[in-house]
Amino acid sequence: MPAPPRAAPAPDRPGSPSAGLTWDLYCRVIDNHGDLGVCWRLARDLATRGQQVRLVVDDASALAWMAPQGQAGVEVQAWPGDDTPPFEPGAVVVEAFGCDPPAAQVERMARCSPAPVWINLEYLSAEAWVERSHALPSPQRHGLTKWFFFPGFTPATGGLLREPGLLDARAAHDAGAWLAAQGLAPRDGERVATLFCYDNPALPALLPALASRPTVLLAAPGPAQRQLATLALPPGLRVVTLSWLTQPDFDRLLWSSALNFVRGEDSLVRAIWAGAPFVWQAYPQHDGVHHAKVKALLDRLQPPAGVAALWQAWNGAPGAVMPALPDTRPGAPWAAAVQALRDRIAAQLDLTTQLLAFVAAKRSRPQGMP
């Protein structure tokens, strides 16, 4: 598969305002692994581009399987307790998803001259309001300014995480060889599908749709495996349970599948880069706000008939009924729509490149100017 066209990266030049800085990246793990997954990918990407990163996290346990080798240039640090003295802030402070650094640390930031560039890295959404909110300042006490940085799918947003060389590696990937090396090779005629989801009442209705042609379903740990263990499988569907994978191997899993069911933010972005048909499960919210997020992403994807109905049924939209599974073969309209979306986003600057440029611009301005 040829690599899609993409915007050229803009690495820091020696002596530029964002070259070789220390970044404090704050992360709180709420109830899933996505927050830490996004933060680790960002920390790793920054470090490979010459930055020093302190990842300050309240629960780093998932890194044992997500990134067991660690990363040169990334220091993982426990979230400070109430009686922990503040440390010298880095030149850049990034709070992921509005997690708020400890108050004592903010007080220490206010005493720095120049003050750190303080960024709130927000959640990903395809909704139109993201463009209006991206890069807006929020004045804080002590004269500090927090900047809202929104990932997104258009040039008017902060872009998506995409490390250098990712799409070339995707294009060179040998799916059959990788699956065989993991002991996951499909049987003759089987389609490979990956399931990574939250608890989902629509799963029983999905299984017959998957079984419409012989399919091996590679189920990630967590809700997918727990639910499947309670369900009878229809003829034509075989399930293989996976262990937790490192982030690079999770990417390769998505690259090796003909159909990917993904959830949240991190796996959504990786499914887009994989370029295969995918179904996204938004984080379910009791007030139904997630349905607007699903519709907004469908509007960006512009999939063929049947795909939108599948997404809506998978996300529990009122009145939605599980349809027959659309054609997942390479070259079919669903795959073409995903690859067109991937190519449009790949032609834009990635999130880390934009963050580096944003920080450089803020650091080059006189103290006190927005």
Quick one: PRO102 ticks every box in (1) of a type outside the set (Lys, Arg); (2) in contact with a helix residue (DSSP H, G or I) (Cβ under 9 Å, 6 or more places away or on another chain); (3) over 18 Å from THR157 (Cβ atoms) bar one, so which box is it? (2)
Among the candidates ALA336, ALA324, residue that is part of a helix (DSSP H, G or I), assigned by TED's automatic domain parsing to the domain that holds LEU207 and farther than 30 Å from ASP287 by Cβ: ALA336
Could you say whether any residue in region 137-159 is touching a Leu at 6+ places or on another chain (Cβ under 7 Å), of a type outside the set (Val, Ile, Thr), within 23 Å of GLN312 (Cα to Cα) and part of a strand (DSSP E or B)? no
Of everything in region 273-312, what is acidic (Asp, Glu) and either crowded, with 20+ Cβ neighbours inside 10 Å or not in a loop (DSSP other than H, G, I, E, B) (or both)? Give them in sequence order. ASP299
If I ask for residues that are crowded, with 22+ Cβ neighbours inside 10 Å, touching a Cys at 6+ places or on another chain (Cβ under 7 Å) and not in a helix (DSSP H, G or I), which ones from region 19-55 would you list? LEU25, TYR26, CYS27, LEU55
Out of all the residues in region 263-310, which are more than 26 Å from ASP168 (Cβ to Cβ) and acidic (Asp, Glu)? ASP287, ASP299
Count of residues meeting criterion [modelled with pLDDT under 95 and within 14 Å of GLY264 (Cα to Cα)] in region 293-316: 0
Name every residue in region 112-136 that is out of contact with any strand residue (DSSP E or B) (no Cβ under 7 Å at 6 or more places or on another chain) and either in contact (Cβ under 8 Å) with a residue 60 or more places away in the chain or part of a strand (DSSP E or B) (or both), in order of residue number. SER113, PRO114, ALA115, TYR123, LEU124, SER125, ALA126, GLU127, ALA128
Consider region 63-72. How many of its residues are buried (at least 17 other Cβ atoms within 10 Å of the Cβ) and outside any helix (DSSP H, G or I)? 2
How do the pairs read when you match residues in region 151-174 that are basic (Lys, Arg) with residues anywhere that are modelled with pLDDT of 95 or more and crowded, with 21+ Cβ neighbours inside 10 Å, using Cβ under 6 Å and keeping only pairs 6 or more apart or on different chains? ARG162/ASP350; ARG170/TRP255
Surrounded by fewer than 22 Cβ atoms within 10 Å (Cβ to Cβ) and closer than 30 Å to ALA172 by Cα, is that true of ARG213? yes
Could you give every pair whose Cβ atoms fall below 8 Å, whose first residue belongs to region 229-240 and is within 15 Å of GLU190 (Cα to Cα), and whose second residue is at pLDDT 95 or above and of a type in the set (S, T, N, Q), counting only separations of at least 6 or pairs across chains? GLY236/SER212; GLY236/THR215; LEU237/THR215; ARG238/THR215
Take SER125 and tell me if it is modelled with pLDDT of 95 or more, of a type in the set (Ser, Thr, Tyr) and either in contact with a Pro (Cβ under 7 Å, 6 or more places away or on another chain) or crowded, with 16+ Cβ neighbours inside 10 Å (or both). yes
Residue under evaluation ARG141, criteria (1) under 30 Å from GLN227 (Cα atoms); (2) at pLDDT below 95; (3) not aliphatic (A, V, I, L, M), criterion not met: (1)
For residues that are under 22 Å from the mean Cα position of the chain (by Cα) and in contact (Cβ under 8 Å) with a residue 60 or more places away in the chain, scanning just region 74-94, find the one that is nearest to PHE150 (Cα to Cα). VAL94
Would it be correct to say that ASP12 is in a loop (DSSP other than H, G, I, E, B), acidic (Asp, Glu) and either at pLDDT below 95 or buried (at least 21 other Cβ atoms within 10 Å of the Cβ) (or both)? yes
Could you say which residue among GLN52, GLN71 is more than 20 Å from the chain's Cα centre (by Cα), farther than 16 Å from PHE358 by Cα and of a type in the set (S, T, N, Q)? GLN52
Quick test of your reading of the structure: LEU167 fulfils all but one of (1) over 30 Å from LEU237 (Cβ atoms); (2) among the aliphatic types (A, V, I, L, M); (3) in a loop (DSSP other than H, G, I, E, B). Name the failing condition by number. (3)
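The values are calculated or read from the model by the stated rules, or taken from the named source; none is laboratory data. As the structure is a prediction and not an experimental result, all values here were calculated from the model. In this analysis, Cβ positions are derived from the backbone assuming ideal geometry, glycine residues included, and neighbour counts consider all displayed protein chains.
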